[in-house]
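One structure below.
The values are calculated or read from the model by the stated rules, or taken from the named source; none is laboratory data. As the structure is a computational prediction, the values presented were derived from the model and not from experiment. Cβ coordinates were reconstructed from backbone atoms using ideal geometry, including for glycine residues, and neighbour counts include every protein chain displayed. SASA here: full protein model, heavy atoms, side chains in, ligands and nucleic acids out. Shrake-Rupley method; radii C 1.70, N 1.55, O 1.52, S 1.80 Å.
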Amino acid sequence: MRDALLAAVSDAEGLEALDAVRVEALGKQGRITQLLKTLGGMSPDERQVRGPAIQGLREAVTGAIATRKAALEQAALDARLASETIDLTLPVDAVPAGTIHPVSQVMDELAEIFADLGFAVATGPEIETDWHNFSALNIPETHPARAMHDTFYLAGVEPGGDEALVKRVLRTHTSPVQIRTMMGQQPPIRIIAPGRTYRSDSDATHTPMFHQVEGLVIDKGITLAHLKWTLETFLKAFFERDDIVLRLRPSYFPFTEPSAEVDVGYTIEKGKRVIGGSGGGWMEVLGSGMVHPKVIAACGLDPDEWQGFAFGCGIDRLAMLKYGMDDLRAFFDGDIRWLKHYGFAS
Ligand code: PHE
């Protein structure tokens, strides 16, 4: 029996088979267990001889099972390690990596350039009240400028208001941030406010959602000269050229007086328009002016004490001019090939 059991142990090919052998030998009904039970019925002399032999058999089989079990477990572990090997020298598939969008890139550049001039970044909601977007900016209900803005109006009643139906709009420009800033903090104020704006308009140079950056300075003794110097310094830094030439054209905005449209000169280099110089012509880049006294007063400040200038500029347009892109709609298509073409994706 000893040889048979030991052979069965060493022949067991797996942990389950080995356990079956253990049950057969040492389980409740096992062959060795049965032998041990016979000891009770033996005479003392017989027990003295058979006892150690049966115990010896039990120990031999128990030890053999433990040894075999350890060997099988080690083999199972070796097999697992072999099958889970990772070859670190194999080449990996390229993981597509995104890059920053041109609009975000330009917004970052603007924040950096204006931070050097002492401007903080301000924000405001994209869903604005009609009052912040128009009335406070000296654009009353009947003003023709409202029609020009192709406004998206939202239906809704001012929370808490009784009969008053207060119109909400998707802001048509970033100028309402002027109002929120002047109402929220004491001058001196120097902020830029980049963000999304909305007008119901769509062609190669207009999308219903686009981006503007607003600039606002409110202090004592501010003049048009400060405005011109600030814009010149900004555009030189943005286009990374010293030969930027500006042209201020008299214009009209209800919230600035006087108002000026600002053109930047360009030259033709290798058949392409390049910002800088003025031999090639002029490109309109922004609207600006001295903040209207009525606007300053609407925000609760004394226009005799505080003056300032403001400007508003299309960010998408700035990006198109700087990076030589010609279709605004492509900015918002999310087409990786377009982004790659202009170096904005890898
Ligand atoms: N808000 C004007 C626009 O969207 C631009 C502007 C801003 C003009 C500030 C003057 C001063 O066209």
(message) Given (1) without any contact (Cβ under 8 Å) to a residue 60 or more places away in the chain; (2) over 34 Å from the mean Cα position of the chain (by Cα), identify the lone condition not met by Gly334.
(response) (2)
(request) Determine which member of the set Leu321, Leu339, Leu286, Leu328 is in contact with a Cys (Cβ under 6 Å, 6 or more places away or on another chain) and within 22 Å of Thr207 (Cβ to Cβ). (result) Leu286
(request) Only helices (runs of 4 or more DSSP H) wholly contained in the range 246-346 count here; list those with 1 or more residues that are over 30 Å from Ile100 (Cα atoms), open to solvent by less than 20 Å² (accessible area, probe 1.4 Å) and within 16 Å of the ligand (Cβ to nearest atom). (result) 293-298
(request) Please specify each residue of the range 222-233 satisfying the condition of being assigned to a loop (DSSP other than H, G, I, E, B) and within 14 Å of the ligand (Cβ to nearest atom). (result) Ile222
(request) Go through the range 211-265 and give me each residue that's acidic (Asp, Glu) and more than 30 Å from Pro144 (Cβ to Cβ). (result) Asp219, Glu232, Glu240, Asp242, Asp243
(request) Quick one: count up the residues across the range 169-221 that are of a type outside the set (A, V, I, L, M, F, W, C), assigned to a helix (DSSP H, G or I) and either surrounded by fewer than 19 Cβ atoms within 10 Å (Cβ to Cβ) or more than 10 Å from the ligand (Cβ to nearest atom) (or both). (result) 3
